[in-house]
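The structure appears below as structure tokens.
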Amino acid sequence: MASHRRPCGFSPLKLLASAAAAAAVFLLLASSLTVTSRSDASRLHRLGISSASHGYGSVRRSILAMKSDPLKPRLDQLQKQADDHRALALAYASYARKLKLEYSKLVRIFADLSKNYSDLVKKPGYHALFASDSLSIDETVLRQFEKEVKERIKVTRQAVSESKESFDNQLKIQKLKDTIFAVNEQLTKAKKQGAFSSLIAAKSIPKSLHCLSMRLMEERIAHPEKYTDEGKPPKPELEDPNLYHYAIFSDNVLAASVVVNSAVKNAKEPWKHVFHVVTDKMNLGAMQVMFKLKEYNGAHIEVKAVEDYKFLNSSYVPVLRQLESANLQKFYFENKLENATKDTTNMKFRNPKYLSILNHLRFYLPEMYPKLHRILFLDDDIVVQKDLTGLWKIDMDGKVNGAVETCFGSFHRYAQYMNFSHPLIKEKFNPKACAWAYGMNFFDLDAWRREKCTEEYHYWQNLNENRTLWKLGTLPPGLITFYSTTKPLDKSWHVLGLGYNPSISLEEIRNAAVVHFNGNMKPWLDIAMSLFKPLWTKYVDYELDFIQACNFGV
């Protein structure tokens, strides 16, 4: 009997170990397949596919089959994207439900988007992609499925982007800030454009006013003998210090006539009143005709051109000398249109009228009228409503200028008109000193000569050639020249603001001796305030043929 020999190296222990190792590998593979099957079944369940409908075994076989298909990763990726965006839509819908009723539309949008993903997977045409017995994936069907999934993803992302502001408070705040900033930019631009347009409207000559000047000038040229005073001795009343004298400096023939008309009609003894009207050479003829067309109840009217005062030349008058400066001419006359609205606050001071000699004549009254002791200066945009002779009875207490103060609270103080960062201004003046109004000013010419106010004006005007002490105009140098030499008058003598302030009390206007249309809305312009314009138009001589021919009041 042959004996059986064991192979060399054979051991029962080694055999047992090999069997155990094989069993462990088998169990590990089985466990891996089970876990994978359960994971994929869970994913399909989220997409709306029930594993129970196909059976665990069939799902396992289907997954094994798909794992062998090269299109399987692509399908998995689509499933994941669809699942993620369905969850995103559900989350937004859930959050929208917690918000106010105005977001109910968003709830419906996101709920419908979420439902669309589930409906897509359940479409009959896509059952083959997830069928249990499918061994391969039809690429055409998969491509169509991919197209529809991506379309839904695009719509979802767009909806999320558009509605993000509704859910993100920080984004809302930032957008609101951006909107406020943009609106402020538009408002600033509109204010600048409005100020510039208003300035143009205020400084332009209306067609009717130009027509009147031309017709009056035509009359002057046609009949020179009727309107000239050349060669005639001056009327003694023009230099009589015992009469009531007025100074009116204007190039607006209609406005000047209204000032004289209103003063004469409200004067108790008009034959005691003398009006000194000064204009430029271009408007002299029109002014002469206007004041010769009718009698002013016996009042005396002198019309002269500024050129008639020979001492007013550039060697004596700082303003005229400054007008010859190249820098000043560039500042005024070479200003480009695109820069016109950059400085809205000070834009009006770039108007050349602020260096006009007509505007600065008020500083030469004692030399223009050497035989007079007192004179009342009136702007051409005022209306006289009462007899003004009471001003000549006021005790001036040795002061030069009688004027109505305009300060209240912190407004209209010296600090608003002058540059107090300049050492000279800071040293000489009190920034809290009360300002007063130009437009109706009663001047004691004897006190003026004694205090040498014209010399004081020249000193400061020369220092301000480069505009470092104050912006242009006549009020700041007036405040400087008559600092500590101004006597405050009762406010009822002079009410201001009818050219810009619609809230002035009508009772205050009724009680005023003089109302002043200071501001851009002059009464002879279309932009005048209709509430106050009748105060001025009642003194326009509408019966004159020249005024009727130019369609005033139409």
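The values are calculated or read from the model by the stated rules, or taken from the named source; none is laboratory data. Predicted model, so just to flag it, every value in this text is computed and none were measured. As a convention, Cβ positions derive from the backbone with ideal geometry for all residues, glycine included, and neighbour counts pool all protein chains shown. Please note that ligands, DNA and RNA were not included when accessible areas were found on the heavy atoms of the full protein model with its side chains. Shrake-Rupley method; radii C 1.70, N 1.55, O 1.52, S 1.80 Å.
Descriptive notes on the structure:
- Accessible-area composition of the stretch 387-490, carbon plus sulfur, in percent [1.4 Å probe]: 50 percent
- For the set LYS265/LYS292; LYS304/LYS386; LYS235/LYS522; LYS115/LYS154; LYS232/LYS272; LYS268/LYS491, the pairs lying more than 24 angstrom apart at their alpha carbons are LYS304/LYS386; LYS235/LYS522.
- Residues of type aspartates and glutamates that LYS123 reaches as a straight line, Cα spacing below 14 Å, ignoring anything fewer than 8 places off in the same chain: GLU146, GLU148
- A Förster radius of 45 Å combined with the Cβ-Cβ distance from ASN419 to GLN158 puts the calculated FRET efficiency at roughly 0.15.
- Principal axis box of the stretch 164-323, alpha-carbon based, largest edge first, Å: 90, 42, 36
- Intensity falloff of the stretch 403-502 expressed as log10 I(q)/I(0), Debye formula with alpha-carbon point scatterers, at q = 0.21, 0.24 Å⁻¹: -1.20, -1.43
- Rolling a 1.4 Å probe over the protein heavy atoms of the stretch 180-244, with every protein chain left in place, gives an accessible area that is 59 percent carbon and sulfur.
- LEU187/VAL141 FRET efficiency (R0 60 Å; Cβ-Cβ; nearest 0.05): 0.50
- Cα pair count fraction exceeding 24 Å, expressed as % - the stretch 447-544: 47 percent
- Per-q log10 I(q)/I(0), the stretch 273-323, q = 0.24, 0.30 Å⁻¹ (Debye; single scatterer per alpha-carbon; no solvent): -0.90, -1.12
- Cleavage-rule hits (GluC sites (Glu not before Pro)) in the stretch 262-331: DSSP loop, at most 11 neighbouring Cβ within 10 angstrom: GLU295, GLU324
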